[in-house]
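Colleague: Here it is, the structure, as structure tokens.
The values are calculated or read from the model by the stated rules, or taken from the named source; none is laboratory data. Note that the structure is predicted; figures quoted are calculated from it, not measured. Reconstructed Cβ throughout: ideal geometry from the backbone, glycine too, with neighbour counts over all protein chains shown.
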Amino acid sequence: MKPRILLLIVLFSISFSGFSQTDSIVSFNLQHGLLPNLEKTKSKVDTILGNIEITYWKRKNQFGLDLNGVSYENWNAGGTDAVAALFTVLIKRTYERGNIRWNNELITRYGINVQKNKNIEKTEDKIEINSTFGYRTDPLSNWFYTAKMNLKTQFSKGYEYPNRTTPISAFMAPGYLFSGIGAQFSKFGDSLNLYFSPATHKSTWVLNQYLADRGNFGVEPAIRDSEGNIIRHGRKFRSEFGILLTNELTIRIYENVEFMHRLSLYTDYMNNFGNIDVDWDAHLNFKVNDFIRAKINTALKYDDDIKTYTVNADGEKEEHGAKIQWMQKIGIGIVLDI
């Protein structure tokens, strides 16, 4: 017999005897309960894994209440007792998986002011819904191909106080709907977002017929005869197509101080191109603890379709064109993150 064949036979015999010995040891241990029950262990692992919820959604629910008050008693300089309240709600849902990111948020703000011997007056009113769907070709890239939708309106009618009979705004009067496609740059999570769309459709809704007949917010006004009677009611809808640029930024200045701002710039291709509508909202938040925060808020708006008026000596309104709208607020309140 050749030496090579003899060597193979010896190695095979040793291996076979080794496997046989191992099988005997395993059989012995199983019979005497020295090895764990593999089926039972597998069942426990499956149970643990089954209780772990795998989700690609990030959720944020934030509710806030700011209160400001002043009271006087025998105050020589004079003054009026007043209480102001601002209710805020922020609900955010973000789906992120692979190269897909879908952000959705609801922002609402409603403020009231109550003064002694006076009716309640509205100080702030806002409803905003945002939905942004983005797709990137590279998981390491900060650029997304993006489709964006934005809706802005308010809850209730607005007045030029103390006048409470003639509204100057109402729910969906105006209502602004922006929808378009473009590109978004996102970095540091969602702390910095820059969106540019050369193809955005802007819809302006004025569902209050009285305001539509007056031609408020840029819609076509009613046609009247020589006596002022309406021949055809004003349009409730206006359509535009143009360029939209938005920017969102969140910066932590100090450990408990945070700055946030949102900026929206829009111009229409066909209607006075280069005349930019501006909507800017900025917040400076001071965190006292997990529930108490002090806030400084400023907002600036400019829309060429929102005209200003004054009443002359004859009681007639005179138009003075569009002007910059500016609001500032300081308050302290409770914020709950649920």
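Colleague: Go through Ile306, Ile330, Ile296 for me and flag whichever is closer than 20 Å to Asp125 by Cα and not in a strand (DSSP E or B).
Modeller: None of the others qualify; the one that does is Ile306.
For every residue, the table says whether it meets (1) surrounded by fewer than 13 Cβ atoms within 10 Å (Cβ to Cβ); (2) at pLDDT 95 or above; (3) part of a loop (DSSP other than H, G, I, E, B); (4) in contact with a Pro (Cβ under 9 Å, 6 or more places away or on another chain).
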site: Thr41; (1), (2), (3), (4): yes, no, no, no
site: Asp46; (1), (2), (3), (4): yes, no, no, no
site: Val114; (1), (2), (3), (4): no, no, no, no
site: Thr123; (1), (2), (3), (4): no, no, no, no
site: Leu140; (1), (2), (3), (4): yes, no, yes, no
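Colleague: Now a separate question. Determine which member of the set Phe155, Phe87 is aromatic (Phe, Trp, Tyr), more than 25 Å from Tyr56 (Cα to Cα), modelled with pLDDT of 95 or more and surrounded by fewer than 15 Cβ atoms within 10 Å (Cβ to Cβ).
Modeller: Phe155
Colleague: Of the residues that sit in the range 212-235 and are in a helix (DSSP H, G or I) and touching a residue at least 24 places away in the same chain (Cβ under 8 Å), which one is surrounded by the fewest Cβ atoms within 10 Å (Cβ to Cβ)?
Modeller: Going through the qualifying residues, I end up with Gly218.
Colleague: Just give me the residues in the range 113-145 being among the acidic types (Asp, Glu) and within 21 Å of the chain's Cα centre (by Cα), in sequence order.
Modeller: Glu124, Asp125, Glu128
Colleague: Hey, another quick one. Going through Phe185, Phe144 one at a time, which residue ends up being surrounded by 17 or more Cβ atoms within 10 Å (Cβ to Cβ), modelled with pLDDT of 95 or more, under 17 Å from Leu244 (Cα atoms) and among the hydrophobic types (A, V, I, L, M, F, W, C)?
Modeller: Of the residues listed, the single one that is surrounded by 17 or more Cβ atoms within 10 Å (Cβ to Cβ), modelled with pLDDT of 95 or more, under 17 Å from Leu244 (Cα atoms) and among the hydrophobic types (A, V, I, L, M, F, W, C) is Phe144.
Colleague: For the range 266-286, check the following and say yes or no: at least one residue is farther than 25 Å from Phe178 by Cβ and not aliphatic (A, V, I, L, M).
Modeller: yes
Colleague: Take Val70 and tell me if it is β-branched (Val, Ile, Thr), modelled with pLDDT of 90 or more and in contact with a strand residue (DSSP E or B) (Cβ under 7 Å, 6 or more places away or on another chain).
Modeller: no
Colleague: While we're on this one: Any residue that is assigned to a loop (DSSP other than H, G, I, E, B), surrounded by 11 or more Cβ atoms within 10 Å (Cβ to Cβ), in the same structural domain as Phe178 (by TED's automatic domain parsing) and touching a residue at least 12 places away in the same chain (Cβ under 8 Å) - is there at least one of those in the range 261-269?
Modeller: Yes; the residues of the range 261-269 include at least one that is assigned to a loop (DSSP other than H, G, I, E, B), surrounded by 11 or more Cβ atoms within 10 Å (Cβ to Cβ), in the same structural domain as Phe178 (by TED's automatic domain parsing) and touching a residue at least 12 places away in the same chain (Cβ under 8 Å).
Colleague: In the range 83-112, what count of residues is obtained for those that are part of a strand (DSSP E or B) and at positive phi?
Modeller: Looking only at that region, the number is 0.
Colleague: Next question, about the same structure. Please determine whether any residue of the range 236-257 is touching a Pro at 6+ places or on another chain (Cβ under 8 Å) and surrounded by 15 or more Cβ atoms within 10 Å (Cβ to Cβ).
Modeller: yes
Colleague: Among the listed residues Lys187, Lys202, identify the single one that is of a type in the set (Lys, Arg), closer than 30 Å to Pro139 by Cβ and within 31 Å of the chain's Cα centre (by Cα).
Modeller: Lys187 is the lone residue from the list that is of a type in the set (Lys, Arg), closer than 30 Å to Pro139 by Cβ and within 31 Å of the chain's Cα centre (by Cα).
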